[in-house]
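J.: Before I ask anything, here is the structure I am working with.
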Amino acid sequence: MNAIADITYDWANKLFMIVEDNDNNFDLLETFLKKTHAKIIWVKDGDEAVEAYRKNPEIDVILMDIQLPTVNGFEATKQIREISSTVPVIAQTAFALIGDREKSLEAGCNDYIAKPIRKRLFLSVIARNLI
């Protein structure tokens, strides 16, 4: 038996935007969120992310990949911050280099997760950032 029980999150009243250009990575995040009942908007690049947030200002949290086509996650976050200073943006990147966390925070992200993403950590980072 697992010594640490999985925490159950109920985010049925929350809207998440996942900004991820890789189908497999999106599928993984969607699977992690399935039992939370969160509603999900999926966009595949930075331009789409900014536009989707403009059209859906009720989004509760943004999961922002950094390496994206068109506009990267840093720039997309900066543009979203011009629209809202309060929506939580959580950076997620496979390129976990020294300084990436700081660059993410400087761009306006609230938090940072390095890939490969572990479910328990992923959900706990979201939970601490939800308003």
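The values are calculated or read from the model by the stated rules, or taken from the named source; none is laboratory data. The shown structure was predicted, so the numbers you read here are calculated from the model rather than taken from an experiment. Counting neighbours? That spans all protein chains shown, and the Cβs are built from the backbone with ideal geometry, glycine included.
J.: State yes or no: is Tyr112 of a type in the set (Phe, Trp, Tyr) and outside any helix (DSSP H, G or I)?
T.: So Tyr112 fits the description; yes.
J.: Just one of Asp45, Asp27 is under 14 Å from Ala76 (Cβ atoms) and surrounded by 11 or more Cβ atoms within 10 Å (Cβ to Cβ); which is it?
T.: None of the other options fit; the residue is Asp45.
J.: In contact with an Asp or Glu (Cβ under 6 Å, 6 or more places away or on another chain), part of a loop (DSSP other than H, G, I, E, B) and either more than 16 Å from Lys44 (Cβ to Cβ) or hydroxyl-bearing (Ser, Thr, Tyr) (or both): is that true of Thr86 in this structure? Break it down stepwise before answering.
T.: Values: in contact with an Asp or Glu (Cβ under 6 Å, 6 or more places away or on another chain): no; part of a loop (DSSP other than H, G, I, E, B): yes; either more than 16 Å from Lys44 (Cβ to Cβ) or hydroxyl-bearing (Ser, Thr, Tyr) (or both): yes.
Criteria not met by Thr86.
For every residue, the table says whether it meets (1) touching a residue at least 60 places away in the same chain (Cβ under 8 Å); (2) among the basic types (Lys, Arg); (3) surrounded by fewer than 16 Cβ atoms within 10 Å (Cβ to Cβ); (4) touching a Cys at 6+ places or on another chain (Cβ under 6 Å).
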position: Trp11; (1), (2), (3), (4): yes, no, no, no
position: Asp23; (1), (2), (3), (4): no, no, yes, no
position: Lys55; (1), (2), (3), (4): no, yes, yes, no
position: Glu58; (1), (2), (3), (4): no, no, yes, no
position: Leu68; (1), (2), (3), (4): no, no, no, no
position: Gly73; (1), (2), (3), (4): no, no, no, no
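J.: A further question on this structure: What is the residue count in region 73-113 for residues that are touching a Phe, Trp or Tyr at 6+ places or on another chain (Cβ under 9 Å) and closer than 21 Å to Ile7 by Cβ?
T.: Adding up the residues that qualify gives 3.
J.: Against the definition (modelled with pLDDT under 95, among the hydrophobic types (A, V, I, L, M, F, W, C) and part of a loop (DSSP other than H, G, I, E, B)), how does Ala5 come out, yes or no?
T.: Here the answer is yes, as Ala5 does meet what is asked.
J.: Check Pro69 against each of (1) within 15 Å of Trp42 (Cα to Cα); (2) in contact with a strand residue (DSSP E or B) (Cβ under 9 Å, 6 or more places away or on another chain) and name the one condition it does not meet.
T.: All conditions pass for Pro69, except number (2).
J.: What's the number of the condition Thr77 fails, among (1) more than 21 Å from Thr31 (Cα to Cα); (2) over 13 Å from the mean Cα position of the chain (by Cα)?
T.: Among (1) more than 21 Å from Thr31 (Cα to Cα); (2) over 13 Å from the mean Cα position of the chain (by Cα), the lone unmet condition for Thr77 is (2).
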